[in-house]
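The values are calculated or read from the model by the stated rules, or taken from the named source; none is laboratory data. From a predicted model like this one, the values you see are computed outputs, not experimental measurements. Cβ atoms come from the backbone with ideal geometry, glycine included; neighbour counts cover every protein chain shown. What goes into the accessible areas is simple: the full protein's heavy atoms, side chains included, and nothing from ligands, DNA or RNA. Shrake-Rupley method; radii C 1.70, N 1.55, O 1.52, S 1.80 Å.
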Amino acid sequence: MAKDEINAFLGAGTTYRGRLDFTGSVRIDGVFEGEIESEGILVVGREAVITGQVRVGQLVLGGTFSGEATASQRALLHKTAHFKGVLNTPALSVEEGAELDGQVCMSGSGVAASQD
């Protein structure tokens, strides 16, 4: 399998509620509510809406996300991304035009620190 090959796809117009565990790369273009866990790559398309908790190796966000996300390797927010919540990652790239509303923690601990 090629490094950038998508091995699962949730297309536009679909809705899924629950838990998703995967290896490799998954692309979501529909609506997802729940938990996602993987050491792989999660690609969120421009039309996608994800609500819940995500723990992945890499997060590539082009759509809308609300909740808590942990990307153990890196996170990339494209210019079409809308992120609201808590993001834990050691490396973050944000394209001009992306919306980021919430907390970002880039420490090695992976836990967002509260501001007192």
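Among the residues in the stretch 9-18, are any surrounded by 14 or more Cβ atoms within 10 Å (Cβ to Cβ) and among the small types (Gly, Ala, Ser)?
No, the conditions are met nowhere in the stretch 9-18.
Identify all residues within the stretch 79-109 that are open to solvent by less than 60 Å² (accessible area, probe 1.4 Å) and of a type outside the set (A, V, I, L, M, F, W, C); write none if there are none.
80, 85, 88, 89, 93, 97, 102, 107
Six or more apart or on different chains, Cβ atoms under 7 Å: show the pairs whose first residue is in the stretch 37-48 and hydroxyl-bearing (Ser, Thr, Tyr) and whose second is open to solvent by less than 10 Å² (accessible area, probe 1.4 Å) and modelled with pLDDT of 95 or more.
38/56; 38/57
For residue 42, work out the one condition from (1) under 17 Å from residue 10 (Cα atoms); (2) touching an Asp or Glu at 6+ places or on another chain (Cβ under 9 Å); (3) aliphatic (A, V, I, L, M) it doesn't fulfil.
With (1) under 17 Å from residue 10 (Cα atoms); (2) touching an Asp or Glu at 6+ places or on another chain (Cβ under 9 Å); (3) aliphatic (A, V, I, L, M) applied to residue 42, the lone miss is (2).
Being hydrophobic (A, V, I, L, M, F, W, C) and closer than 18 Å to residue 78 by Cβ is the filter here; which residues of the stretch 11-35 pass it? I'd like the intermediate steps shown before the answer.
Taking the stretch 11-35 and keeping what is hydrophobic (A, V, I, L, M, F, W, C), we get 12, 20, 22, 26, 28, 31-32.
Within the stretch 11-35, 12, 26, 28, 32 meet the criteria.
Quickly run through the stretch 34-56 and pick out the residues that are hydrophobic (A, V, I, L, M, F, W, C) and either farther than 18 Å from residue 80 by Cβ or within 10 Å of the chain's Cα centre (by Cα) (or both).
From the stretch 34-56, those hydrophobic (A, V, I, L, M, F, W, C) are 36, 41-44, 48-50, 54, 56; that's our starting set.
Passing the criteria: 36, 41, 42, 43, 44, 50, 54, 56.
Have a look at 66, 25 and point out the one that is touching a residue at least 12 places away in the same chain (Cβ under 8 Å), over 18 Å from residue 98 (Cα atoms) and either touching a strand residue (DSSP E or B) at 6+ places or on another chain (Cβ under 7 Å) or among the hydrophobic types (A, V, I, L, M, F, W, C) (or both).
Details: 66 fails: over 18 Å from residue 98 (Cα atoms).
After ruling out the rest, the residue left standing is 25.
Among the aliphatic types (A, V, I, L, M) and under 10 Å from the mean Cα position of the chain (by Cα), is that true of residue 31? Can you show your working first?
Numbers: among the aliphatic types (A, V, I, L, M): yes; under 10 Å from the mean Cα position of the chain (by Cα): no.
So residue 31 does not fit the description; no.
For the stretch 69-80, give me each residue that is free of Cβ contacts under 8 Å to residues at least 24 places away in the same chain and closer than 18 Å to residue 31 by Cβ.
Once the filter is applied, which keeps residues that are free of Cβ contacts under 8 Å to residues at least 24 places away in the same chain and closer than 18 Å to residue 31 by Cβ, the stretch 69-80 yields only 69.
Which residues, taken from the stretch 44-65, are surrounded by fewer than 21 Cβ atoms within 10 Å (Cβ to Cβ) and either in contact with a Phe, Trp or Tyr (Cβ under 8 Å, 6 or more places away or on another chain) or β-branched (Val, Ile, Thr) (or both)?
49, 51, 52, 60, 64, listed by residue number.
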